[in-house]
Amino acid sequence: MFEKAAVPRATLYDMALTDEQVRALEKHAEAIRETVIQMLVAAESGHTAGPLGMADIFTAFYFHILAHDPKKPDSEERDRLILSNGHICPVRYAAMAHAGYFPVEECLTLRKFGSRLQGHPERLRLPGLETTSGPLGEGLSQASGIAYAFRMDGKKQHVYCLMSDGEQEEGNVWEAAMFAGKYKLSNLTAVMDRNNIQIDGMTEDVMPLEPVAEKYRAFNWHVLEVDGHNIAAFIAAVEEAKAIYEKPTLVIAHTIPGKGVSEIESDYRWHGKPPSKEEAKRFLKDIRTMSGKVPHEYA
């Protein structure tokens with residue numbers, strides 16, 4: 001039997017998760033953050049801020065939202081999850097490993113020669129990846145094309161596109177936004193990681209995006225804004241998006257880059273920088289306590 005998710009799903013009419021469900025998802029997110037740090041230390045390269053900031057959202061997808069089966073990663077019945085900003089792939093690899101796509105130990109091969117887990121996702125290397133991503137700004141076009149093809153074929157799967165706020169500076173994104181709006185792709189939900197940073201500074205200093213929500217609405221999108229670290233609220237937003245008829249939906253997820261590691265949170269200099277072994281020890285301790293908010297059995 002094809003399983004929809006690892007945690008029982010809320011319905012459109014009862015989107016509140018129980019405390020037990022939320023706690024289970026938070027523990028998954030904590031484990032994913034730990035794995036991300038361990039991966040980056042082993043690789044001695046890679047991106048830190050974005051993957052930590054998106055751990056809650058990837059947890060929501062792989063452990064609750066997606067229709068997927070780790071044992072059948074190429075199943076035609078699966079939802080499609082497109083990662084546009086491929087440089088944050090450590091968090092996707094970690095989420096996939098913890099969800100059962102491959103052994104968690106393989107995460108330590110990140111960026112190694114011959115590894116399936118390259119610095120940007122490569123579709124032909126790892127089952128469960130939908131696209132090969134690297135150049136920013138392409139994901140929304142790819143997701144829109146897949147969603148349009150599903151509609152033409154009468155298929156019911158949903159397409160999700162995760163993208164950064166910095167890549168909204170790319171013109172290709174807005175061509176895709178026009179396309180999806182024109183064809184009313186209600187089977188497409190985009191999620192923008194609105195963490196306000198990019199590699200060389202704050203987005204509003206480099207190339208201001210605001211009013212980004214109004215821009216998407218002008219392109220005939222339904223737009224929601226949510227705390228990207230509130231897993232239950234994010235899941236509810238995605239469920240609302242699936243209930244919207246004849247419009248694509250953008251969920252603007254406000255996140256903190258480096259979430260869980262207090263000394264690097266919101267510091268754009270950690271966009272593309274890995275921690276040292278000594279830094280990793282501090283970071284892991286911080287993640288395991290989450291400033292006292294999330295107790296950990298090994299803290």
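List of remarks:
- Approximate spin-label separation Arg23-Glu105, in nm, with each point projected 7 Å along Cα-to-Cβ: 3.1 nm
- For semi-axes √(5λ) of the Cα gyration tensor in Å, calculated from these coordinates, the label among [x] 28, 22, 19; [y] 54, 17, 13; [z] 54, 21, 14: [x]
- Length gained on full extension, Ala149 to Lys281, computed as 0.36 nm times the residue gap minus the Cα-Cα distance: 42.8 nm.
- Other residues with beta-carbon under 14 Å from the beta-carbon of Pro208 carry, at +1 per Lys or Arg and -1 per Asp or Glu, a net charge of -4.
- Once the Cα atoms are used to define both axes, helix 19-43 deviates from the longest principal axis of the chain by about 60 degrees.
- The value for the stretch 118-250 of Rg(Cα) / (2.2 N^0.38 Å) is 1.05.
- With a cut-off of 9 Å between beta carbons, the residues surrounding Ala97 carry a summed charge of -2, where Lys and Arg count +1 and Asp and Glu -1.
- Rounded to 5, the percent of DSSP beta bridges in the stretch 19-292 classed as antiparallel: 10 percent
- Furthest towards positive pole of dipole, Asn187, Ala232, Ala176, structure part the stretch 19-292, Cβ charges: Asn187
- The slack in the chain from Asn172 to Gln157, taken as 0.36 nm per residue of separation less the alpha-carbon distance, amounts to 3.0 nm.
- Residues Ile244, Ile37, ranked from the fewest to the most other C-beta atoms within 10 Å, line up as Ile244, Ile37.
- Hits among lysines - C-alpha to C-alpha of Lys247 under 26 Å, sequence gap 8 or more where chains match: Lys4, Lys155, Lys156, Lys182, Lys184, Lys215
- Residues of the stretch 161-190 with amide N under 17 Å of the 7 Å Cα→Cβ point at Arg217: 181
- Mean ellipticity per residue at 222 nm, deg cm²/dmol - from DSSP H runs of n ≥ 4 across the chain, formula -39500 (n - 2.57): -11000 deg cm²/dmol
- Helix 277-289 vs. the chain, principal-axis angle (Cα, 0 to 90°, nearest 10): 60 degrees
- Between Glu246 and Lys182, the distance separating the two model label sites (each 7 Å from Cα on the Cα→Cβ line) works out to 1.8 nm.
- Near Gly258: Cβ cut-off under 11 Å, other residues only, Lys/Arg at +1 and Asp/Glu at -1. The net charge is 0.
- On Cα atoms only, tilt of 139-152 relative to the major axis of the chain in degrees: 40 degrees
- Here the stretch 180-246 and the stretch 16-71 have alpha carbon centers that stand 20 Å from each other.
All of the numbers you see were taken from the coordinates with simple rules; none came from a lab. These numbers come from a predicted model, not from an experiment. Reconstructed Cβ throughout: ideal geometry from the backbone, glycine too, with neighbour counts over all protein chains shown.
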